[in-house]
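The structure under discussion appears below in the form of structure tokens.
The values are calculated or read from the model by the stated rules, or taken from the named source; none is laboratory data. Predicted model only: the values in this text are computed from it and were never measured. Cβ sites come from the backbone with ideal geometry, for glycine too, and all protein chains shown count toward neighbours.
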Amino acid sequence: MTRLLSALALFTVLFSSCGPKLSPLTQRLVDDQNWSQDELKRIQFYLSEDLVLTRELRNGNSEIRNGQVKIVDGREVEQLVFKRNTPGVFVFSPKTQRMAVSFESNDDNFLVFGPNPKAGNRYVIMAADWNRRNGSVTYAGKKWTVNSSDAYASLMIPLKRLRSSDVNGKVIGGRKLK
């Protein structure tokens, strides 16, 4: 039994470490690489942490497709939950230093990310009207609320740094007498 548990633990460690190493997308990285929109469309993006969008349902409008319906303080609300490491793709750039990223098959359903100096210029969720408790975003043509605890949800990318590109040089093999 212990042998089976040890094998299972080793299997879990080996395969959990096989995933891509994710690094935060920063403005410096974007500037250094000078990616075109076509190149950005070939990069797989991921969310750094869970992100929850909430909106209040009014006038009996309770058709729910992608989210959940909850009762909060006597109000009926819909929530969309984007789990940590949810994959997304670049759709377009609404303006400089902004990226619209879609986490669904419909390109019209996207969130906008941009660099935040308070977060080391990482590309974080962009919302309007931030206050101490929340901000406002548009998703799928509807207004949603984002909790301020999700303000630093950022884009991550698989980034493999090669040491050989960091240093120019060669290995000297040596020389022997003839």
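Of the residues in the stretch 86-102, at least one is over 16 Å from Leu40 (Cβ atoms) and either at pLDDT 90 or above or among the polar types (S, T, N, Q) (or both). Scanning the stretch 120-134 for residues that are in contact (Cβ under 8 Å) with a residue 12 or more places away in the chain, more than 18 Å from the chain's Cα centre (by Cα) and in a strand (DSSP E or B) yields a single hit, Asn134. Within the stretch 25-49, the residues that satisfy the criterion of being more than 17 Å from Phe103 (Cα to Cα) and surrounded by 14 or more Cβ atoms within 10 Å (Cβ to Cβ) are Thr26, Gln27, Leu29, Val30, Trp35.
Of the listed requirements (1) surrounded by 18 or more Cβ atoms within 10 Å (Cβ to Cβ); (2) modelled with pLDDT of 90 or more, Glu78 misses just one: (2). Do we have Met156 as more than 12 Å from the chain's Cα centre (by Cα), at pLDDT 90 or above and within 19 Å of Asn85 (Cα to Cα) here? Considered against the rule, which asks whether it is more than 12 Å from the chain's Cα centre (by Cα), at pLDDT 90 or above and within 19 Å of Asn85 (Cα to Cα), Met156 comes out as no.
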